[in-house]
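This report concerns only the one structure given below.
The values are calculated or read from the model by the stated rules, or taken from the named source; none is laboratory data. Note that this is a predicted model, so its numbers are computed, not measured. Positions of Cβ are backbone-derived with ideal geometry, glycine not excepted, and every protein chain shown enters the neighbour counts.
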């Protein structure tokens with residue numbers, strides 16, 4: 001363990017710009033996996049994945065090469081199972097990010113008109129116990145996850161919203177989509193959530209609002225027709241709202257994140273959003289880099305490698321006194337050797353164009369077959385003689 005700590009210290013001292021780029025790319029990949037696991041709300045899978053990562057890191061730290069090799073060998077199969085288990089979530093995530101809307105038209109939200117009208121309508125609906133489901137769209141495009149509905153382009157006002165959610169109208173059970181301060185869709189159906197722990201005893205509207213918030217960056221306002229309670233779904237969680245002032249504060253905070261002020265960098269919102277997951281992703285990537293770097297010292301190992309003669313001319317045979325193997329010295333990192341299967345090593349000699357008699361054969365790295373993450377530094381013997389005889393003479397001698 002002391003040697004491992006010294007290796008980590010040495011790796012940190014040699015840290016360079018390309019190492020930072022390496023960690024940054026790995027962090028993005030780790031974050032994508034963590035985000036997918038987190039938004040599915042399958043805590044069992046999340047804990048299982050974290051457990052496997054923890055076992056692998058421990059195996060690397062304590063030099064448990066057999067365990068590390070087993071986990072690396074099973075990685076491809078685990079990725080396939082992961083893809084099968086989360087294929088629908090992956091499809092939705094790709095569609096949402098592929099059709100990312102950018103920052104939208106912030107000027108439509110700069111006036112308080114749409115927000116005040118929406119809050120006024122929500123407050124009246126709660127008093128009258130009218131079921132409401134309003135989606136305030138963020139940067140993610142929603143067309144790929146919405147079903148049904150009627151497209152329109154109308155201002156946000158109380159009378160229009162009241163007519164849409166009137167229990168006597170056929171489209172009152174769907175959701176209204178508000179984009180850039182205008183109503184763009186009504187009677188839309190949202191994906192339902194399976195997170196029973198978060199839903200508790202709540203109904204279908206809450207399940208729909210929570211389901212959309214799990215896969216997109218939208219803010220969903222929900223009013224229960226049974227209790228007249230107001231709730232906001234965002235980031236895969238339900239947040240009860242007790243007063244119109246609190247609702248306005250939540251909407252304002254959401255809009256400030258999605259539509260930053262002119263003096264605020266546009267990328268500030270995405271960087272700060274889900275900060276905990278991002279920090280965890282960077283930490284995992286940095287630890288993984290440190291563990292890999294600790295084993296990245298170049299080492300040398302020698303293997304007895306079978307020698308194969310190819311393209312032997314017709315009617316000629318290689319005499320039995322030719323060597324059947326040579327010794328090859330390889331250099332590379334310890335993880336590269338851990339993944340090496342010695343049976344895959346080979347030395348080939350091309351005898352095409354050779355004639356009967358004794359010939360000198362020089363062996364170099366070009367004759368060797370080996371993994372790309374290793375190098376050949378020496379072949380022993382580097383030169384030998386091979387005698388080719390006619391097949392008829394060989395048969396007579398036998």
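Looking only at residues in region 303-322 that are more than 21 Å from residue 369 (Cα to Cα) and within 54 Å of the chain's Cα centre (by Cα), the one that is surrounded by the most Cβ atoms within 10 Å (Cβ to Cβ) is 318.
Within region 126-147, being surrounded by 20 or more Cβ atoms within 10 Å (Cβ to Cβ) and not in a loop (DSSP other than H, G, I, E, B) holds for 126, 132, 133, 134, 135, 136. When the strands (runs of 3 or more DSSP E) confined to region 148-262 are screened for residues that are at pLDDT 90 or above and crowded, with 17+ Cβ neighbours inside 10 Å, those reaching at least 2 such residues are found at 175-179, 182-188, 219-223, 230-234, 237-241.
Here is a yes/no grid of residues against (1) without any contact (Cβ under 8 Å) to a residue 40 or more places away in the chain; (2) under 22 Å from residue 229 (Cβ atoms); (3) touching a helix residue (DSSP H, G or I) at 6+ places or on another chain (Cβ under 8 Å):
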site: 135; (1), (2), (3): no, yes, yes
site: 145; (1), (2), (3): no, no, yes
site: 149; (1), (2), (3): no, no, no
site: 153; (1), (2), (3): yes, no, no
site: 160; (1), (2), (3): yes, no, no
site: 166; (1), (2), (3): yes, yes, no
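Could you tell me whether region 369-379 includes any residue that is over 30 Å from residue 72 (Cβ atoms) and part of a strand (DSSP E or B)? Checked region 369-379: no residue is over 30 Å from residue 72 (Cβ atoms) and part of a strand (DSSP E or B).
Here's the yes/no breakdown for (1) farther than 16 Å from residue 308 by Cα; (2) without any contact (Cβ under 8 Å) to a residue 40 or more places away in the chain; (3) over 34 Å from the mean Cα position of the chain (by Cα); (4) in the same structural domain as residue 308 (by TED's automatic domain parsing):
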{"position": "324", "(1), (2), (3), (4)": "no, yes, yes, yes"}
{"position": "348", "(1), (2), (3), (4)": "no, no, yes, yes"}
{"position": "354", "(1), (2), (3), (4)": "no, no, yes, yes"}
{"position": "358", "(1), (2), (3), (4)": "yes, yes, yes, yes"}
{"position": "378", "(1), (2), (3), (4)": "yes, no, yes, yes"}
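Evaluating residue 5 against the criteria (1) within 18 Å of residue 290 (Cα to Cα); (2) at pLDDT below 70; (3) under 23 Å from the mean Cα position of the chain (by Cα) leaves one unmet condition, (3).
Scanning region 336-344 turns up no residue that is touching a residue at least 60 places away in the same chain (Cβ under 8 Å), in a strand (DSSP E or B) and closer than 30 Å to residue 74 by Cβ.
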